[in-house]
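What follows is a single structure, written as structure tokens, with notes after it.
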Amino acid sequence: MKSIREIYKIGKGPSSSHTMGPQKAAKAYLEHHPDARNFHVTLYGSLAATGKGHLTDVAINEVLQKAGNVEIEWQPKVFLPGHPNGMTIAVDGENGERHDEWTFYSVGGGDIKCDHLPLDNSPEIYPLNSMTELLNWCNRNSRSYWEFVYEHEDSSIWDYLAEVWKVMCESIERGLDKEGILPGPLHLRRKAANYFIRAEGYKDVLRTRGLIFAYALAVSEENASGGTIVTAPTCGSCGVLPGVLYHLRKVYGYSDKRIIRSLATAALVGNVVKHNASISGAEVGCQGEVGVACAMTAAAANQLMGGSPSQIEYSAEMGLEHHLGMTCDPVCGLVQIPCIERNAYAAARALDANIYASYTDGLHRVSFDQVVRVMKRTGKDLPSLYKETGEGGLAAEIDQHDHDEFDFLNHIELPE
């Protein structure tokens, strides 16, 4: 497996696949065509279907318009063979001809693939690629997952994780301080600040849940508005991990060093899924985004609270297993409904998975690796309309031509 840096990318939302990836592709193309002044970009499949809601065109234009004119063509019904998130960039000639066309695939988590670019030359630094192998290593050496990271990453990884944690905390604190409407036609109100204020008025379990909801909402709302966040493992699932870790630090006073070590463990979990399956909503549905985020978070929380390697693996297994089959059906192609609520709910489920595993000896029948394999098969079996195309599920149910009447509460007839 590659460095855990590949899981945590610091950048602007709202989507790692639809915003970060296409922008990275535009930068790569421009770097190899510095004299070009007219560009034709064609977006295919999921990139085209929900690209406007994910600000794909904005991300591309931000790069290419500095050099010249950009024409973007949308082909939502055409899927390129390499991945549902396909795009091409070509130079428009003076006589209208196109030449030097490059095909890119945005494969999840902000990563891209292109035959014209060198193969990803970042080294495979981890000799073990499954949770079972990692668990056996921990048990055999009487060590924890983060120590496996310590053995194989260079020393700068801890400074990088410290920066990741800093950005995560800042996104929560910004999100808690903001109110108003999120950008886009849904006119969705920010909720994090209200949840935080209301949660402070409760005690015990209700207060815990409310605060976790508030923290996860804060990050997800920052992402939806194009703020700076950390992929964990994607932009669309960026609120789950920081929401829980921020809460645990507040309640139990865990040091930043322990939090950073838990981030290393969480990243190993995400890396296993990315290496053996996918974290792309367009490829496997939301189970690969929010489901993986829940697994990462459950593992991190369990480590913080003194779990054994077996209990940590069990926490991760439950976090992913109970999101199997989750579709990716963003309303209007925005990372708002149902994405924001899913982050808050998954944060609570991650804490539940951690607590459940803590009551056990860590032994269980279904392994994390088995769930990853099932998730991959399930994702391939899902029809494309349930994988980030905005054509099925909630996206199809909501009347997208009547955004001003979107709030269903407006349609409720109250008794006189």
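For GLY236, nonlocal amide neighbours, meaning residues 5 or more places apart or on other chains whose placed amide H falls under 5 Å from its own, are SER16. Using C-alpha pairs below 8 Å separated by at least 6 residues, the relative contact order for the chain is 18 percent. Of the residues VAL219, TYR126, VAL205, the one whose Cα sits farthest toward the positive end of the charge dipole of region 126-235, with +1 on the Cβ of Lys and Arg and -1 on the Cβ of Asp and Glu, is VAL205. Note: relative contact order over region 1-131, using C-alpha pairs below 8 Å and six or more positions apart, is 33 percent. Remark: region 277-289, residue by residue, has Karplus-estimated 3J(HN,Hα) of 9, 6, 10, 9, x, 6, 9, 10, x, 5, 4, x, 10 Hz, where x stands for each Gly or Pro and the curve is 6.51 cos²θ - 1.76 cosθ + 1.60 at θ = phi - 60°. Using only side-chain charges placed at the Cβ, +1 for Lys and Arg and -1 for Asp and Glu, the dipole size of region 124-277 relative to its Cα centre rounds to 720 debye. Computed from point charges on the beta carbon alone (+1 for Lys and Arg, -1 for Asp and Glu), the dipole magnitude for region 56-153 about its Cα centre is near 480 Debye.
Region 19-97 and region 229-286 have their alpha-carbon centroids 30 Å apart.
Cysteine residues of the chain whose Cβ has no partner cysteine Cβ closer than 4.7 Å: CYS114, CYS138, CYS169, CYS235, CYS238, CYS294, CYS332, CYS339.
Taking all protein chains together, ARG209, ARG349, ARG189, ARG37 sort by accessible area into ARG189, ARG37, ARG349, ARG209, largest first [probe 1.4 Å].
Annotation: amide H of SER3 within the under-5 Å range of ILE125, sequence separation 5 or more or interchain, hydrogens built in the peptide plane. Applying a DSSP loop filter and a limit of 16 other Cβ atoms within 10 Å to the trypsin sites (Lys or Arg not before Pro) in region 39-126 leaves LYS66, LYS77.
Per residue of the chain, the DSSP helices (runs of n ≥ 4 H) give a summed -39500 (n - 2.57) that works out to -15000 deg cm²/dmol at 222 nm.
Protection proxy ranking, highest mean first, for peptides 369-380, 176-187: 369-380, 176-187, where packing is the per-residue count of other beta-carbon atoms within 10 Å, averaged. Note on the chain: dipole from Cβ charges, positive end direction compared against ALA90, GLY333, ILE112; the farthest Cα belongs to ILE112.
Cross-link pairs exceeding 19 Å in C-alpha to C-alpha distance, out of LYS52/LYS77; LYS9/LYS380; LYS9/LYS66; LYS27/LYS66, comprise LYS9/LYS380; LYS9/LYS66.
Set the Förster distance to 22 Å, then compute FRET efficiency between ALA162 and TYR252 from the Cβ-Cβ distance, nearest 0.05. Efficiency, from the Cβ-Cβ distance: 0.70.
The values are calculated or read from the model by the stated rules, or taken from the named source; none is laboratory data. Because the structure is a prediction, the values reported are computed rather than measured. Here the Cβ is made from the backbone with ideal geometry for all residues, glycine too, and neighbour counts use every protein chain on show. Note: accessible area is taken over every heavy atom of the protein model, side chains too, but ligands, DNA and RNA are not part of it. Shrake-Rupley method; radii C 1.70, N 1.55, O 1.52, S 1.80 Å.
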